[in-house]
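The values are calculated or read from the model by the stated rules, or taken from the named source; none is laboratory data. Remember, predicted model here, so these are calculated numbers, not experimental data. Backbone-built Cβ (ideal geometry, glycine too); neighbour counts: all protein chains shown. Heads up: the accessible areas ignore ligands, DNA and RNA and are worked out on the full protein's heavy atoms, side chains in. Shrake-Rupley method; radii C 1.70, N 1.55, O 1.52, S 1.80 Å.
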Amino acid sequence: MNLDQYLQPRLQERRNQLRYRTRKLVESPQAALINVGGRQLVNFCSNDYLGLANNPALITAMKNAADNYGVGSGASHLVNGHSLEHHYLEEELAEFTGRERVLLFSTGYMANMGVINALTGKGDLVLEDKLNHASLIDGGLLTAADMQRFKHSDMAHLEQRLKNSTHKHKLIVTDGVFSMDGDLAKLGAMAELADANDSWLMVDDAHGIGCLGEKGAGTVDVFGMNQHQVPILIGTLGKAFGTFGAFVAGSETLIESLIQFSRTYIYTTALPPAVAAATRASLRLVREAGQQRTHLMQLVARFRESCLNLGLELMDSNTPIQPVMVGSDERALQMSQRLAQLGFWVSAIRPPTVPEGTARLRVTLTAQHTLKQVDQLVAALVSAKMEKG
Ligand SMILES: Cc1ncc(COP(=O)(O)O)c(C=O)c1O
């Protein structure tokens, strides 16, 4: 059997399951209004929570850095790809997160894989929330350590797993804001369990950093968690920061260890310096974006109140991730397509990204939306729900 003969039935099976994924061509920058496939839609599926991806200050910083450094970084950080822009960004992010030191990674996916694998090995245990992001789960699958999952945010289950363990080292791993549900991890309880059971806590705050906390310092700030309580903090830069890449924040010793042992850090080309420069500009704006964060939370409150009044089923989230639960894959797809006809882009999230029977419309709000756009979306959701498939 040649390769295509093997692959074609797999693709057909995906189609039959209504889980076939396609990409839509975007013809404009990220914004509340976005051009896609020749039409303008109100964009409710971007992670550009603060609307920085097309901000003029970031664009200027990137252009200037491209003039000074060129486009490519040329090599990995450990060869000759580590530029001054990377260095300054790491220092500024360390100050922002209140951690001793920061290390930039090329993506969040790589950071998560690389950190879990650098810190754990044979004889150790990695404990992950069932709803953790794929990159954390894959990091756990790749390590030679045992990997166990605990029920979503179920602290009794986590404690039981910790107590039953006779492993040498234990790493507890969680999203800060769960990416498909929008709820917050119980960081206070997790930090206490970690402390009581001689374990380390790793938090991936991809969707919290920039959005949550007075200055945007994320979920750990909301819970007041310091470096001792959360020794391994991951942030991504492609969401609220509006650029690209990721970072790990923690102790000097943690960062030095990752530089020595993290394969996804060592064996990959460094981010372009111009991306680091744009992110430095972004960080300045993130710190000052109190008004945008307040507006975003007003949008969240308005969306939730209107949906709940009109009988739409939401999840237990007070973050800009506001999934509308649908259940069947087919219905979620139909509703997403109907919303597009009505002028709104909301993606249907289906298994295996979410558990079976929990397909949903993942609405994300950004600071660039208006209350009116949110009201219009809710009206469109209600109308899409009423229509028969
Ligand atoms: C919780 C979480 N962690 C990590 C990632 C991966 O980050 P990146 O896009 O930078 O690879 C994502 C999504 O992209 C995410 O939602």
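Looking at Ala145, Ala191, Ala196, just one residue is away from the ligand (no atom under 16 Å from the Cβ), open to solvent by 20 Å² or more (accessible area, probe 1.4 Å) and out of contact with any Pro (no Cβ under 8 Å at 6 or more places or on another chain), and that residue is Ala196.
Within the range 152-177, residues that are farther than 18 Å from Gln229 by Cβ sit with their Cβ atoms under 6 Å from residues that are away from the ligand (no atom under 16 Å from the Cβ) and of a type in the set (A, V, I, L, M), at 6+ positions apart or across chains, in these pairs: Arg161/Leu127; Ser165/Leu125; His167/Leu125. Restricting Val275, Val363, Val248 to those that are touching a Gly at 6+ places or on another chain (Cβ under 7 Å) and either in the same structural domain as Ala206 (by TED's automatic domain parsing) or not in a helix (DSSP H, G or I) (or both) reduces the list to Val275. Return yes or no: is Val26 hydrophobic (A, V, I, L, M, F, W, C) and either within 30 Å of His82 (Cα to Cα) or surrounded by fewer than 18 Cβ atoms within 10 Å (Cβ to Cβ) (or both)? Yes, satisfied. The lone criterion from (1) in a loop (DSSP other than H, G, I, E, B); (2) acidic (Asp, Glu); (3) within 22 Å of Ala145 (Cβ to Cβ) left unmet by Glu256 is number (1).
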